[in-house]
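Reviewing the structure listed below.
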Amino acid sequence: MKSTQTGLFYLLYRTFAMAYILGAMLVSVIALSCISSLSAPQNAETQVPSAYPARMKWWTESRFGMFIHWGPVSLKGTEIGWSRGGERRGVGGTGEVPLDVYDNLYKSFNPTKFDAKQWVKIAKDAGMKYLVLTSRHHDGFSMFDTKLSDYRITSPLSPFGRDVVKELADACHKAGLRFGLYFSQPDWHHADYMTENHSKYIDYMHGQVRELLTNYGKVEVIWFDGLGGDAKRWEAEKLFKTIKSLQPNILINNRCGLPADFDTPEQTIGGFQKTRPWETCMTICNQWAWKPNDDMKSLSQCIRTLVSCAGGDGNLLFNVGPMPTGEIEPRQVQRLKEMGQWLKRFGFTVYGTRGGPYKPGKWGAATSKGNKVWIHSYHAGSLALPALPAKLVQHRFLNAPSSSFASNSSGYSVNFAAPKSDEIALILELEFDSNVDILGPIPLTTSAMHAKSAKASNTFGGESEYEPFAAFDGDPDTRWATDSGTNSAWIEWETSSQVTASYIRMAEEYGSRIQEWELSAWIDGAWKPIAKGGQVDKEKRYSFPMTVASRWRLTIGSATEGPTISEIEVR
């Protein structure tokens, strides 16, 4: 949808938004198709939120949870499960820890400083609303008092002998922190796993899940991790029936061969998705289990990851790996506390919000709730926001008071001033006269030159997916592409007004195809060359003399294969 918005679109959409607020969910298929056929912001979509089950409401509003990977492997400081070597079925660890050593670590594992109440306090101080513990990882060691195996934390051979799951469940329930359990369907320790006796293993696995959901009170989430196994391998349909009979309101992730309740992108921020719940699982350091001197994410990285997840309409399940003593590493505790301090100031822009309406990107992220939108800019400078189909009532800057804001027919122009003190995100609050939290994703660019139109000499297969505008939508996952065998090409774009620029940044989807290029600006009725260069590779930035123009052209004079560019930014 590339045309400008019409008054009819505004009227129909605002009528629909008001109906949504009042709970009038019986919108006809005809009405929806009319709305979708009308004009909208360029490259934007209007998505009606899925009717998520009521039992998911707490989870989608929480946005932030704690993941905990812990077990006897912390004695070695290697990765949980995967460092178990010598797997006889050819599936499993890297071999860092010999099998016979790994499988006997629990006999020396005595985390006497484990304090479940302290872990819960750390999570709550961080602003986390739920907690998910690894009850059993791929290595098969059970951190609970299972009656089905001696390979467990309460074994007579364990010097610790305490039920970690029970202590943590009790502490969460008492403190009002929602409790969940990770459970790995694969078990590289079990003699029957993936053998001719796999059916016996399935009985064992299902039995352990039954124990976990029977003996530890309310469990809000069960987080499977099946390594790509299909539903048949785990007899998932039967398992899910058992789970629902024991804990009717429990939430189940998508790693047991069935879609279940939510998606789980790992170690990456999920894409914008309002039609199905999702949760990024990510580590605070590099490794899931504790590793001495592991690199830890900065506070800025942590907060921006959380905000970007919320801005894409997802949650962040942030992982810590406790030490062999049972303590969470002090520097990790401090980082989580700092996150909590930020959330005390700005948590209302994260908790209980929907993602969008603007699509997250390198520029930052937007969240919304009802008639309010919060723009989180990760950098000082200019930002062009396409208009929304609602009347802007007021705006306010939450932590960048010297910034400026202007509204015009095409949208909103923001200039975030650098704050006097360090701020992780510069936040602008926009208030409208009607509900806007069902909109999105509306892409934008970090450039002051938000392209209102774009054209090119060639588009791969003539397909809209690879159209020229994809190079200016602020989304690194989309791209302008040319046909295979193309050795030269040009792409041209125009902004709604004159802008001043001094550099071009290009991100090539496939490195080193472009060999020669030239940037020109339309000045005094002619194209004037202002910059040129050679190989672009994945991403490069080139400076040029300050130039004022509204039309720009990138000419690719030589390429080894069809040029394809994900982002062009001139500012």
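The values are calculated or read from the model by the stated rules, or taken from the named source; none is laboratory data. Keep in mind the model is a prediction, meaning the values are calculated, not measured. Methodologically, a virtual Cβ is constructed for each residue, glycine included, from the backbone with ideal geometry; neighbour enumeration extends over all protein chains shown. Side chains are part of the model used for accessible areas, which takes the heavy atoms of the whole protein and leaves out ligands, DNA and RNA. Shrake-Rupley method; radii C 1.70, N 1.55, O 1.52, S 1.80 Å.
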Derived scalar couplings ³J(HN,Hα) [the range 193-209; Karplus, 6.51 cos²θ - 1.76 cosθ + 1.60; whole Hz; x for Gly, Pro]: 5, 6, 10, 5, 9, 4, 4, 5, 5, 4, 4, 5, 4, 4, x, 5, 4
Under-5 Å amide H pairs with Thr486, H placed in peptide plane, nonlocal only: Gly562
Separation of alpha-carbon centers, the range 300-362 and the range 519-571, rounded to whole Å: 37 Å
Accessible carbon and sulfur surface of the chain relative to its total accessible area, %, 1.4 Å: 51 percent
Highest-first arrangement of 520-527, 342-349, 135-142, where packing means the average Cβ count within 10 Å: 135-142, 342-349, 520-527
Cut-off 12 Å between beta-carbons: net charge of the residues surrounding Cys302, Lys and Arg +1, Asp and Glu -1: +3
Cut-off 20 Å, label 7 Å out along Cα→Cβ of Arg276, residues of the range 466-482 by amide N: 477-478
Sorted largest first, extent of the range 308-453 alpha carbons per principal axis (Å): 61, 33, 28
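What 222 nm value per residue comes from the helices of the chain, counting each DSSP H run with n ≥ 4 as -39,500 (n - 2.57) and dividing by all residues, nearest 500 deg cm²/dmol?
Working: 11 runs with 116 residues, N = 571.
Here the helix-only value at 222 nm equals -6000 deg cm²/dmol.
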Between the range 228-268 and the range 502-516, the alpha-carbon center distance in angstrom: 43 Å
Under 5 Å, built H, 5+ apart or other chain: amide partners of Phe67: Val132, Phe318, Asn319, Val320
Neighbourhood charge, 14 Å Cβ-Cβ cut-off, centred on Lys76 and excluding it, Lys, Arg +1 and Asp, Glu -1: -3
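Arranged from highest to lowest average of other beta-carbon atoms within 10 Å per residue, in what order do the peptides 456-465, 372-381 appear? Before the final figure, lay out the partial values.
Working: 456-465: 14.3, 372-381: 21.2.
In descending order of packing, they fall as 372-381, 456-465.
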Karplus 3J(HN,Hα) series, Hz, for the range 357-372 with 6.51 cos²θ - 1.76 cosθ + 1.60 (x for Gly, Pro): x, 8, 6, x, x, 4, 5, x, 7, 10, 10, 8, 8, x, 9, 10
Amide H within-cut-off set for Asn458, under 5 Å, with H built and near neighbours excluded: Trp490
3J(HN,Hα) from dihedral phi, the range 486-499, Karplus parametrisation 6.51/-1.76/1.60, rounded to Hz, x for glycine, proline: 6, 10, 8, 6, 9, 9, 10, 9, 9, 9, 6, 8, 5, 10
